Amino acid sequence: MLDMRLYSYIWKHTRMQQAWILVIVALSMIPYFMAFNLPKDIVNGPIQGAGFETPDATQVFMRLSVQLPGMSEELLLFPGIPLDRLGTLFALSAVFLALVIINGLFKFYINTYKGKLGERLLRRIRFSLVDHILRFPPSAFKHMKGAEIASMVKDEVEPLGGFTGDAFVSPAMLGGQALTALVFIFVQSVPLGLVTATLVGLQVFIIPRMRRRLLVLGRERQLTTRQLAGRVSEIVDGIGTIHANDTSNFERADVAARLGRIFTIRFDIYQWKFLVKFINNFLASLTPFLFYSLGGYLALKGHLDIGQLVAVIGAYKDLPGPLKELIDWDQNRQDVEVKYQQVISQFAIDGVMEPEIQAPLANPPALEKPLAAVSVGVVDEGGGTALERVNLSIDPGEMLAVLGAAGSGSDTMAEVFARQVWPSSGRVTAGQSNLLTLPEAVSGRSISYAGAESYFFSGSVLDNLLYGLKNTPPKQENPSPHPMAAWQREESRLSGNPDYDPEGDWIDYAALGLSGREALMQRVYEVLDCVDLTRDTQDLAIRSTVSAADHPELAAKIVAMRSLLQEELRKRDLSELVVPFEAEAFNTEATLIENLLFGRVRPPAQMADILADDGFFQRLLKSTGLFERFTLIGLDIARTVIGLFVDLPPDHPFFRQMTLMTADDLPTYQALVQRFDNPAAAITDGDRIMMILLAFEYIETRHRFGLVDEDLMAAVVDFRRTFHESIPEDLLHMIELYNPTRFMDSGTLLDNVLFGKVSEKYRDGADQIRAVLISLLHEIGTFGEVLNIGLNFDVGPSGRRLSPAQRQKIALARALVRQSDYYVFNRPLSTLDSRSQERVLIAVLDRWRKTGQRPGVLWVLVNPAVARHFDRIAVFSDGRLVEEGSFDTLLERNGIFKDMIGS
Amino acid sequence: MLLNDEVKMLRQVPMFSGIAAAKLKLLAFTSERVAYRGGEVLFHQGEDGDAAYVILRGQADVLVNTPQGEVKVAELSENSVVGEIAILCDIARTATVRAVTPVEALRISKENFCKMMMDFPEMMFEVMRVLASRLSQTTAELSAELAESRKASAQGAH
C-alpha cells in the first residue's frame, strides 16, 4: 500500500540503508577534515621551515599514541619515522594525495549508494503504481486518460528517486556544517552570534514561505502539462474523428489555449522565483554588512579584538553555502512531497482490489456451480439504470443465448458475468461465493470472455492468441543462476518487485489438458479453423516479407513452386491473371522502374540514391537516350495529374488513390512544369530527375494515360540487357535482381511464388490465385510453416494492422484456446456479415460438442434467429430480463422474442 | 482503352452526361479498370454493396435468386451503370450480375462515388434525375400491372 506522505514511505522502505549511509557520511568526515588541516602543516612545516631551523633537523613523522585513562604515560602505537625537511615535504604531500583519494572513494561510494537507494525506491513506487492500476475497479478507468496515468508513472515520480538518497543525509550534513559555523561565531562574540542567528533565522523562515507559492504554481504547471499530454494522446487516438468532422482547427485552438495557460504559469513562476532570489541574496549580504558596521564599531570601542572579528567573518564565509543548499533542499523536499501526494491522490481510489485476489495460484480450484446473477443492478456513469434486479443463472454445460437491442441490458449482463462491470447492487455468485471476492486465478481462468471490442497488445497474432493462457508464473528452473541473473533477482526483491521471468513459458500445459507446445499449436490451428481465421492467417502469411535466411527450406520450396503454380494456373485456365517476369519481355503490369531494373530496390536503399548524380545508372540512362524520354513521360504525367487534381483540397480522399504523387508534391510539380514550359528557364538534371522519378512509378494498365508504346517497351528491355551485363558491385547491394531460381528477400511470399504481377484488370484475380496457391502449399507440405508465418504477423498498436473482422475473430479465438468452465461472448462477431456470423457460431458450438467439453455458455447475439442453436434464451429489454425459456416455448408465447424473430 | 476514351464512354451514360469532362476524367482516374471473363460474377446478391460499375465493353446478365431458382431480370451492355442503388442506400446487393461475354468495366468505389456527388452537386442532381425517372417508370409499370391484374380478376369474377 502507498503511504500518504513521502517521508514515511521513504523511511518505511529504506531506514536501514539510510542509517548505514549516515554512518558512512560521518566516517567520511574524518579524512575530509584531515585533508583541510594538512595544507597548513605543509606550508608552515617543510616549506616555511618551522621545526627545521637547522639544516640537519628532523621531525618525527606518523607518530601514533593514545592517552589511556588511568595511565600517566601515553601508550605508543607507532614510534614514527624521523624525516628531514625534504623527506617531510614529500611524506606530507603523499599523505595529502592519499587523503584526496580516500575522500574521492568515499564520495564515489556515497553517491553510488544514494543513487542505488533512489533507484530502488523509484522502482518500488513505479511498480506499486502499475500494480495499483492492475487492481483498480473497472469503473475507475472511465475517468482516466491513459497518457496522463502513463506520464505520472513515467515522468512525475522520477524526481522522487533522486531525492530519496538525500532525504536524510543532506539535512544531517548541511545542518551540521551550518550549526558548526554558527557555534564558532557565538564562541568568538555573542552579539555577533546573535545578529547572525537572527538573520539566518529570518532567511530560513521567510524564504521557504515565499517559495511555497512557487510550489503551488509548480503543481498547477504539472497538472496542466499532464492534461496536455492527455489531450495530445486524444488527438492521436481520435485523428480519424477529427478529420471526419473538420475539427482540426478546434483542436489547434484547444492545444494553443493549454500552451498559453502553461506559459502564464511559467511566467508567474519566473517572476516569483527571481524575486525570492533577490530577497534571499539581500538577506545573505545583509549579514556581512552588519559584521563590518557593527563588528567594526565593537572593535573600535574595544569590546572585540580585531582577530576575533576576522575569525567571525571567516567563519561566516562557511555559513551561506550550506544554508542556501539547505533551503534548496527544503524546497526540493516540499516539491517532491507535493508531487508524491499529487500522484498518490490519483491512485487513492475506492474499491481497489485486495492484492490476494490477484495472487498467482499454482493449482486454482474449479469454480463452484452454477454461475448466477442474484438481483443484480447496474447503474451507469450517468446515473441511468443499465440493469435492474436481474436474476439469471448459467448451469454448467448449458448454452444460453442472450438477446436484446443495444442498451437493453444484454451487453451489461455479459460484462457483469465477465467482471468487466461490477454490479452496483446484488451480486454474481459462483456456487456460494461472491465472484468478485474469488481470486482472479479462479474466476479469470474459469470464465473466458470475448466482447465486440477486445484489446490487442502489441506483438504477433500468436502472442495475442495465447495471451489468455499466460496465467502461471514460470518455475525458476535454475537454482544457481548466472551471477548477473541472481543479482537482478536480488535487486527486484529489494525493490519489492516480483522476479518472475516474462520471457519464460507462462503456459500451464497440464492444466489445459495438453502435452506441450506442439499440442497447443494443434489446438490453435483447430480454433483458427473454427472461427474462420485460417484463410486470414494464410493471407497474412503470403503477404509477409520473409527472409530466406530464416526459412531456408520454405524459400527453396517456394522457388520450386513457381513453375508448379504456372502449370496449375494454366490447367485452370487462369494463366492470363498473372504476367510473369521474363528477362526478355516488358511486363505490362509492373512499373517502369521495375521493368528497367528487372528487380527491385532493396530497403533501406531508395530509388533516388540509385539515380544519384552521375552514378552508373544515370549515365546508362543518358547514353541510351532514356533519360530524356523518361523526363518527357514524367512531364506528361505531371501535367495530367495536376490537371486532374489541382482543384481538390489537399486532404481529399482521392489523393489516397493516387500512387504517383502525394498532395504535398503537387505544388512542387506545378512549379516544375512551369519551369519546363518556360523556354528561358534553365532546367537542371535535378529537375529532370524529379520528372523521371514520377515516370518510374507509372503503370500503363493502371494509370491509362497512354504513354507507353511498343517502341518504349523495346527500349526498356534493351536497357535492361545492357544494365545487367555491366551492373557494378555496389548497385547489386541496393537492387535485388529478379532471378527465376532465387528467393527474393525483399518480396512477399506471394511475390515470390508468383514471380510476376497479378493483372490489375481481373478484380477476382488475386482471390483466385490465392486459392490455387494455398492448395499448392497444402500439397507440398508447407502449410504449417506458412500458417506460422501468418501467426507471426505483427498486429501493430492496438491491433490496427488487422481488419475489424479479423480482430473480432482473433479475440474470439483467444477465448476459445483457453480451457474454461464458462464462456461469455458479448456480440463477439458484430462486424461480420450475418451469414459468416452464423457459420462461425455453429462451428464454435459444434467444436464443443465434438471435443466433449461441455462448458456453460452465455452468448449475446446480434441476430435473434440463430438463438435456435441454444438450450435457453434470455431476452432483455430496458435493463430487465423480460423473457426466458427455450426457443420453442418463447416462440409460442407471443412476446418480445416472437416480435424479434418476426421482424 | 485510355483514360480519354473512358471519359468519352462515360459521357454517353445518362447519369454522367451532364458533367464536365474534367470531372469525369477524375472519376475515371480514381476508379478501377476491371475485367471479367465470360461466366465470372461482378457481384453476388446479398453481398454488401461497395461499388458501382459502368460497363465499358461486353454483356452481362442481372439475375435474381427466387425460390424457383435464378431468374434473369435484365441484360446489361455497353454504357450501362449497375450497382449504384446498393451504394446509395447502403443495402445489400439486390441481384447478381454475371458476365456473359468478356466484360470490361469501370469500378467506382462507394467512397469515391459519394465524394464526387458531394463535391459536384450537378452530379448529384443528375443522379437524382435518373433515379427519379427510373422511379416514375417503375411506378408507371406497376400501375399498368395493377390495372392489368384488376382487369384480369374482374374478368375472372364474371
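Bear in mind that the values in this text are calculations on the coordinates, not laboratory data. What you see is a predicted model; the values in this text were computed from it and never measured. Reconstructed Cβ throughout: ideal geometry from the backbone, glycine too, with neighbour counts over all protein chains shown.
Each 10 Å bin from zero holds the following percent of Cα-Cα pairs in chain A: 2, 8, 12, 14, 14, 14, 13, 9, 7, 4, 2, 0, 0. Neighbour counts of C-beta atoms inside 10 Å place A:ILE81, A:ILE769 in the sequence A:ILE81, A:ILE769, starting with the fewest.
With neighbours defined as other Cβ atoms within 10 Å of a residue's Cβ, the residues B:VAL97, B:VAL73, A:VAL421 order from fewest to most as B:VAL73, A:VAL421, B:VAL97. If you add up the charges near A:LEU387, with Lys and Arg at +1 and Asp and Glu at -1, over every other residue whose beta carbon is less than 12 angstrom from its beta carbon, what do you get? Counting the neighbours of A:LEU387, the net charge comes to -3. Local charge for A:ARG213 was computed over the other residues whose Cβ lies under 12 Å away, with Lys and Arg +1 and Asp and Glu -1, and equals +3.
FRET efficiency for the pair A:SER460 and A:SER515, taken as 1/(1 + (r/R0)^6) with r the Cβ-Cβ distance and R0 = 30 Å, rounds to 0.80. Distance between the pseudo-spin-label points of A:GLN342 and B:ALA21 (7 Å out from Cα toward the beta carbon): 6.6 nm. If R0 equals 41 Å, the separation of the Cβ atoms of A:ARG880 and A:ALA150 corresponds to a calculated FRET efficiency of about 0.55.
Electrostatic bookkeeping for B:VAL54 treats Lys and Arg as +1 and Asp and Glu as -1; over the other residues with beta carbon under 13 Å from its beta carbon, the sum is -1.
For the stretch A:663-689, the residues whose backbone nitrogen is under 18 Å from a point 7 Å from the Cα of A:ARG252, taken along Cα to Cβ, are A:664. May I ask you to list the residues of the stretch A:480-503 whose amide nitrogen lies under 17 Å from a point 7 Å from Cα along the Cα→beta-carbon direction of A:LYS470? In the stretch A:480-503, the label zone of A:LYS470 (backbone N under 17 Å from the point 7 Å along Cα→Cβ) covers A:498-503.
Here r is the Cβ-Cβ distance between A:LYS107 and B:THR101 and R0 is 60 Å; the resulting FRET efficiency, rounded to 0.05, is 0.05.
Each label point was placed 7 Å from the Cα along the Cα-to-Cβ direction; for A:GLN674 and A:ALA405 their separation is 5.8 nm.
Mean partner shielding of peptide A:650-656, defined as the number of other chain Cβ atoms within 10 Å of each residue Cβ, is 3. Taking 7 Å steps out from each Cα toward its Cβ at A:GLN420 and B:ASP5 produces label points 5.4 nm apart. Extension gain for A:LEU361 to A:MET210 (0.36 nm times residue separation, less C-alpha to C-alpha distance): 49.0 nm. For the stretch B:1-147, what does the alpha-carbon gyration tensor say about shape, rounded, prolate or oblate, given a ≥ b ≥ c as the root eigenvalues, a/c under 1.5 as rounded, and a/b over b/c as prolate? Here the stretch B:1-147 falls in the oblate category.
Look at A:HIS869, A:HIS132 and count the other Cβ atoms within 10 Å of each Cβ; fewest to most, that gives A:HIS869, A:HIS132.
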